[in-house]
Amino acid sequence: MSSDPGSHPADDAAKPWETQRRGLLLLVSSPSGAGKTSLSRRLVADHADLILSISATTRAPRPGEEEGREYYFKTEEEFERMVQAGELLEWAEVHRARYGTPKAPVMAALDAGKDVLFDIDWQGAQSVAKHAPADSVRVFVLPPSWSDLSRRLHARAQDSEEIINFRLDRGREEIGHWAEYDYVIVNKNFDRAYADLGHIYRAERMKPGRNPWLPEFVTGLAEERT
Ligand code: 5GP
């Protein structure tokens, strides 16, 4: 986040809080249609220090989706090559296609002190959180009702009836993992759910371990007292 505490134009020389931050991994999961993608993309758009991890997938692009914006669309062979070359941080089979997180952009973002948001299923969230437990924050988004979820999937009109039913079935499995998450948001109202997600992100950013500049800052405060 850009509005960190303690910043004042007069002591701008080498503000440690601009550079010394330890990036966090914000893992957002939900059944398809619960609004996770809209919430995630808006949070990223509103925070310069938060980068969206763009996954690779073997599923076909939906109308309006663009290469490199929603996903990197891969053939089975291309995806398999990425797996074999160790280019993916994690991957999982979801809805009869394969989805995976390219490793290099995530590492580059963390090296640059940025945070990374992942729009991934429970398997991916579990895998990333296992590898980086101290840096991971898991958020689960629930729909307000099952009929609402079904309505949203139909309104989206991007998938066949068969795929929608498959996604709804799989949504039940996804929801079964809600208790593994640090936070749960019921997306009854988008603005409210978005505010809740923003509060979670803000609070997690303020944990002492994510702000390595704090000890030096506090030492400075103590010296100033005399
Ligand atoms: P969709 O096809 O609706 O875009 O995504 C289907 C599911 O795959 C969603 O639950 C989404 O969060 C998940 N997903 C997208 N990218 C990844 C990824 O890189 N890894 C994993 N494990 N799941 C992903």
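The values are calculated or read from the model by the stated rules, or taken from the named source; none is laboratory data. Computed from a predicted structure; not experimentally measured. We place every Cβ from the backbone using ideal geometry, glycine too, and count neighbours over all the protein chains shown.
Just one residue in the set ARG192, ARG202, ARG172 is assigned to a helix (DSSP H, G or I), touching a residue at least 60 places away in the same chain (Cβ under 8 Å) and within 29 Å of LEU50 (Cα to Cα); that residue is ARG202. Just one of the listed residues (ALA129, ALA109, ALA125) is surrounded by 15 or more Cβ atoms within 10 Å (Cβ to Cβ), farther than 25 Å from GLU93 by Cβ and of a type in the set (Gly, Ala, Ser), and it is ALA109. In segment 140-149, the count of residues that are touching a residue at least 60 places away in the same chain (Cβ under 8 Å) and within 14 Å of the chain's Cα centre (by Cα) is one or more.
All of ALA34, ALA56, ALA45 fail the test of being hydrophobic (A, V, I, L, M, F, W, C), within 23 Å of PHE190 (Cα to Cα) and touching a Pro at 6+ places or on another chain (Cβ under 7 Å), apart from ALA34. Against the test of being farther than 24 Å from GLU90 by Cα, modelled with pLDDT of 90 or more and of a type in the set (Phe, Trp, Tyr), the options TYR194, TYR201, TYR181 yield a single qualifying residue, TYR194. Pairs meeting the criteria (first residue in segment 25-37 and closer than 26 Å to LYS207 by Cβ, second residue of a type in the set (A, V, I, L, M) and near the ligand (Cβ under 7 Å from one of its atoms), beta carbons under 9 Å, at least 6 apart or on different chains) are LEU27/ILE120; VAL28/ILE120; SER29/ILE120. Considered as a group, the residues in segment 110-139 that are under 18 Å from ALA48 (Cα atoms), outside any helix (DSSP H, G or I) and of a type in the set (D, E, K, R) include one that is nearest to the chain's Cα centre (by Cα), and that residue is ASP119. Entry remark, segment 80-95: residues being near the ligand (Cβ under 10 Å from one of its atoms) and either surrounded by fewer than 13 Cβ atoms within 10 Å (Cβ to Cβ) or more than 19 Å from the chain's Cα centre (by Cα) (or both) number 2 in total. Residues in segment 46-72 that are over 25 Å from HIS199 (Cβ atoms), touching a residue at least 24 places away in the same chain (Cβ under 8 Å) and aliphatic (A, V, I, L, M): ILE54, ALA56. Out of curiosity, is ARG98 more than 28 Å from ASP49 (Cα to Cα) and not in a loop (DSSP other than H, G, I, E, B)? So ARG98 fits the description; yes.
Condition check ((1) within 12 Å of the ligand (Cβ to nearest atom); (2) assigned to a loop (DSSP other than H, G, I, E, B); (3) under 11 Å from the mean Cα position of the chain (by Cα)) across all residues:
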position: SER40; (1), (2), (3): yes, no, yes
position: VAL44; (1), (2), (3): no, no, yes
position: ILE51; (1), (2), (3): no, no, yes
position: ARG62; (1), (2), (3): yes, yes, no
position: TYR72; (1), (2), (3): yes, no, no
position: GLU78; (1), (2), (3): no, no, no
